[in-house]
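Q: Please read through the structure below; I'll follow up with questions.
Values quoted throughout were computed directly from the atomic coordinates according to the rules given, and no laboratory measurement underlies them. What you see is a predicted model, and the numbers here were worked out from it, not measured in a lab.
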């Protein structure tokens, strides 16, 4: 099963230094039955993109909580045994596709790292600043948050992590 772990750049630096994503339980996103039902698609690539997008939104929330974190969303994609991930119960949109990994995962088994391009930082910063108001129902703030989603995350190999942390 492919899972997507939301991080910040400082979180990625910690994982790189430790050699693993953890500690457990580790929150991630994957193609779950709830996500399948919500997204209404049988195309696995579309469903995985939806799970990646959910992880990117979770990364944005992590950025909003860390004033010192660079304004770039970070998602680590990795493959785990199906039994290693347990779907988070709940039917609300916030938990769609969310899973918990029972154990820390070695970073060397990651399939890829997805990170915003430099030109996304302004929109990501604005989105992080607007999250609270958007959660409160402010449509203008939600428009700002949605603006971060206009930026596609770039793909990097695990061996490229040191360059991302500079």
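Q: If contacts are Cα pairs under 8 angstrom and at least 6 residues apart, what is the relative contact order of the stretch 2-164 in percent?
A: On the way: 293 pairs, mean separation 44.6, N = 163.
For the stretch 2-164, the relative contact order is 27 percent.
Q: Distance between Cα centroids, the stretch 117-166 to the stretch 1-41: provide it in whole Å.
A: 17
Q: Shifting gears a bit: Rounded to a whole number of µm²/s, how large is the Stokes-Einstein D of the stretch 15-61 at 37 °C and 0.692 mPa s, given Rh as the Kirkwood radius over C-alpha pairs?
A: It comes out at roughly 273 µm²/s.
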